[in-house]
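Novice: Starting off with a structure, shown below.
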2 protein chains.
Amino acid sequence: MSNLDQVRVASRSTEVTRAALIKAATAVFAEYGYDGGSVRLITQKAMANQAAVNYHFGGKDGLYREVLLAATQAFEENAFLDAEELDALSPEGALRRYLHQFLLPLVKRDRVCRYLRIFAWESVKPSETFSAFIAQSPPRIFRLAERVVRRFLPQESSSETVTFAMLWLAQQPMFFVREAERLAKPPFSLKFDDDALERLVDTLAGLSLRGLAAF
Amino acid sequence: MSNLDQVRVASRSTEVTRAALIKAATAVFAEYGYDGGSVRLITQKAMANQAAVNYHFGGKDGLYREVLLAATQAFEENAFLDAEELDALSPEGALRRYLHQFLLPLVKRDRVCRYLRIFAWESVKPSETFSAFIAQSPPRIFRLAERVVRRFLPQESSSETVTFAMLWLAQQPMFFVREAERLAKPPFSLKFDDDALERLVDTLAGLSLRGLAAF
DNA sequence: TTGAAATTCAAACGGGCGTTTGAAGCGAAA
DNA sequence: TTTCGCTTCAAACGCCCGTTTGAATTTCAA
């Protein structure tokens, strides 16, 4: 793995182990955060040896970096939400599309939801690994949110106002995805099926568009 | 401490040690969360012996419970934000007052800010101790937020709509307080002085009241 | 001043953590 | 079939964790 003049392709079993470790690590880090997620639990879930993490990724940190890479790529890929797609819609349509897309993990308990949970952990106490990752460019959710709010705000808005509004919009869907488990229990008891998701998109879009005063 | 027939009042030094431990624990738990905050660091900050935590509070868990008690009491006390005070204001005034009060920790780096950070940790992965604390009643920030949004929403709104709107409002100031440190750095570089706080209140109140479309 | 209770203290315990180690297993090229 | 490098494996290492222990010290009523 370390020799520059290595010719042999990685064997199948290498890729299998690596993939299993990354998948297990994604689940564990999403559940317990970086500090709280242990290598022992990850390797146990991946049915791999403890030392495999150090062998394949150089350590817990390297494995986490791999998970973050997959996470950022999942958000970067155009299939998720395209910037041009937002521009083609009406401002209202772009807003609804944005909210809908970032609320999807509520009903699709998929990979993306795990990534969002990892980001939630990082929002409380960023790890150095994570900080290095987002240092290059703001997370996609912020860039897309800025694109949406700029459709509404006048050209001459101060950059501070734009930032306030962008953050205000971006955190709205993140909150519901992050807190989904808690909101499912009393005293809130919110169950998110497809219909509830649509109603949530409606409510948030209405509030974001016209505010409380519209009611 | 454990005998039922104990008559003697707690000595001064007991209260001093207890208070120092609670203060140090508040800072440490706010910084690192419950799991991440170590008894060794707490006792070191409080200039107390490691065993003091177990002697005075029965263990790390008991000390944390004491911190949470102080935190919830700080939010419950009327001086912070009174429900009747909200009702006496106009809907718009109540909204502004609510936002201002819960954004205050941005400029007053005080005890309340530490409590909010502890709640932020708990929002990602609630500890059993914390869950037991809020099981009895929803946190005050939610109850007050519901009071505010009910001023705007029509009587016949579904409880789900009220809950959506309440959560939507409640999380707005929490986000900025929780992320204050991150937002102070690039790429956001938001510095929160008294003036910036007022502008943030203005922006959020405007967005919450009339939405993006008003711009 | 005395003596018992309350409090502090240094040291140790058991356990989980990430990582290292060196031998064993494995597969493909020779 | 032999050989050699890649991969796996069980075991151990050193570290930090929360807690326990029992003796030393302090406190304060009698």
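The values are calculated or read from the model by the stated rules, or taken from the named source; none is laboratory data. A quick note: this is a predicted structure, and the numbers were derived from the prediction, not measured. For neighbour counting, all protein chains shown are included, and Cβ atoms are generated from backbone atoms with ideal geometry for every residue, glycine included. These area figures cover heavy atoms from the full protein model, side chains too; ligands, DNA and RNA do not enter into them. Shrake-Rupley method; radii C 1.70, N 1.55, O 1.52, S 1.80 Å.
Novice: Filter the range A:145-166 for residues that are touching a residue at least 12 places away in the same chain (Cβ under 8 Å), within 7 Å of chain B (Cβ to nearest Cβ), assigned to a helix (DSSP H, G or I) and not β-branched (Val, Ile, Thr) and give the result.
Specialist: A:PHE152, A:ALA165
Novice: A:GLU179 - would you say it is more than 9 Å from chain B (Cβ to nearest Cβ) and of a type in the set (Asp, Glu)?
Specialist: no
Novice: In the range B:176-211, how many residues are open to solvent by less than 40 Å² (accessible area, probe 1.4 Å) and at pLDDT 85 or above? Before the answer, list the steps.
Specialist: We begin by selecting, within the range B:176-211, every residue open to solvent by less than 40 Å² (accessible area, probe 1.4 Å); these are B:176-180, B:183-184, B:188, B:190, B:192, B:196-197, B:200-201, B:203-209, B:211.
When the remaining residues are screened for being at pLDDT 85 or above, the result is B:176, B:183-184, B:188, B:190, B:192, B:196-197, B:200-201, B:203-209, B:211.
Of the residues in that region, 18 qualify.
Novice: Could you please let me know if B:ALA51 is over 14 Å from B:ALA145 (Cα atoms) and within 12 Å of the chain's Cα centre (by Cα)?
Specialist: no
Novice: List pairs: first residue in the range A:47-66 and among the aromatic types (Phe, Trp, Tyr), second residue open to solvent by 70 Å² or more (accessible area, probe 1.4 Å) anywhere in the structure, Cβ distance under 9 angstrom, at least six positions apart or on different chains.
Specialist: A:TYR55/A:MET1; A:TYR55/A:ASN49; A:PHE57/A:ARG65
Novice: Of the residues that make up the range B:206-215, is at least one touching a residue at least 12 places away in the same chain (Cβ under 8 Å) and within 22 Å of B:ARG109 (Cα to Cα)?
Specialist: Initially, the range B:206-215 is screened for residues touching a residue at least 12 places away in the same chain (Cβ under 8 Å), giving B:208-209.
Then drop every residue that is not within 22 Å of B:ARG109 (Cα to Cα), which leaves none.
The answer is no; no qualifying residue exists.
Novice: Continuing with this model, one more query. Out of all the residues in the range B:77-107, which are within 14 Å of another protein chain (Cβ to nearest Cβ), touching a residue at least 40 places away in the same chain (Cβ under 8 Å) and surrounded by fewer than 18 Cβ atoms within 10 Å (Cβ to Cβ)?
Specialist: Correct list: B:PRO91, B:GLU92.
Novice: Away from chain B (no Cβ under 14 Å), at pLDDT below 95 and either open to solvent by less than 60 Å² (accessible area, probe 1.4 Å) or near DNA strand C (Cβ under 8 Å from one of its atoms) (or both): which single residue out of A:ALA24, A:ALA70, A:ALA52 fits that description?
Specialist: Sole residue among the options that is away from chain B (no Cβ under 14 Å), at pLDDT below 95 and either open to solvent by less than 60 Å² (accessible area, probe 1.4 Å) or near DNA strand C (Cβ under 8 Å from one of its atoms) (or both): A:ALA70.
Novice: Further question: How many residues does the range A:182-215 hold that are on the phi > 0 side of the Ramachandran plot and more than 8 Å from chain B (Cβ to nearest Cβ)?
Specialist: 1
Novice: Turning to a different aspect of this structure: Would you tally the residues in the range A:55-65 being open to solvent by less than 30 Å² (accessible area, probe 1.4 Å) and either under 17 Å from A:ALA30 (Cβ atoms) or hydroxyl-bearing (Ser, Thr, Tyr) (or both)?
Specialist: Final tally of qualifying residues: 2.
Novice: Look at the range A:62-82 and say how many of its residues are in a helix (DSSP H, G or I) and either more than 15 Å from DNA strand D (Cβ to nearest atom) or touching a strand residue (DSSP E or B) at 6+ places or on another chain (Cβ under 7 Å) (or both).
Specialist: So the count comes out to 12.
Novice: Out of the residues in the range B:27-43 that are part of a helix (DSSP H, G or I), within 11 Å of DNA strand C (Cβ to nearest atom) and surrounded by fewer than 20 Cβ atoms within 10 Å (Cβ to Cβ), which is nearest to the other protein chains (Cβ to nearest Cβ)?
Specialist: Taking the range B:27-43 and keeping what is part of a helix (DSSP H, G or I), we get B:27-36, B:39-43.
Subsequent filtering for residues that are within 11 Å of DNA strand C (Cβ to nearest atom) retains B:35, B:39-40, B:43.
Next, from what is left, pick out any that are surrounded by fewer than 20 Cβ atoms within 10 Å (Cβ to Cβ): B:35, B:39-40.
On the way: B:ASP35: 6, B:VAL39: 16, B:ARG40: 16 Å.
That would be B:ASP35.
Novice: Within the range A:108-129, track down each residue that is more than 11 Å from chain B (Cβ to nearest Cβ) and either modelled with pLDDT of 85 or more or not in a loop (DSSP other than H, G, I, E, B) (or both).
Specialist: If the condition is that a residue be more than 11 Å from chain B (Cβ to nearest Cβ) and either modelled with pLDDT of 85 or more or not in a loop (DSSP other than H, G, I, E, B) (or both), then A:ARG111, A:VAL112, A:CYS113, A:ARG114, A:TYR115, A:LEU116, A:SER127, A:GLU128, A:THR129 are the ones that fit.
Novice: Can you tell me how many residues in the range A:52-61 are near DNA strand D (Cβ under 10 Å from one of its atoms) and either more than 11 Å from A:THR17 (Cβ to Cβ) or not aliphatic (A, V, I, L, M) (or both)?
Specialist: Looking only at that region, the number is 3.
Novice: Looking at (1) over 23 Å from A:LEU116 (Cα atoms); (2) at pLDDT 90 or above, can you tell me which one A:ARG8 breaks?
Specialist: For A:ARG8, the exception is condition (2).
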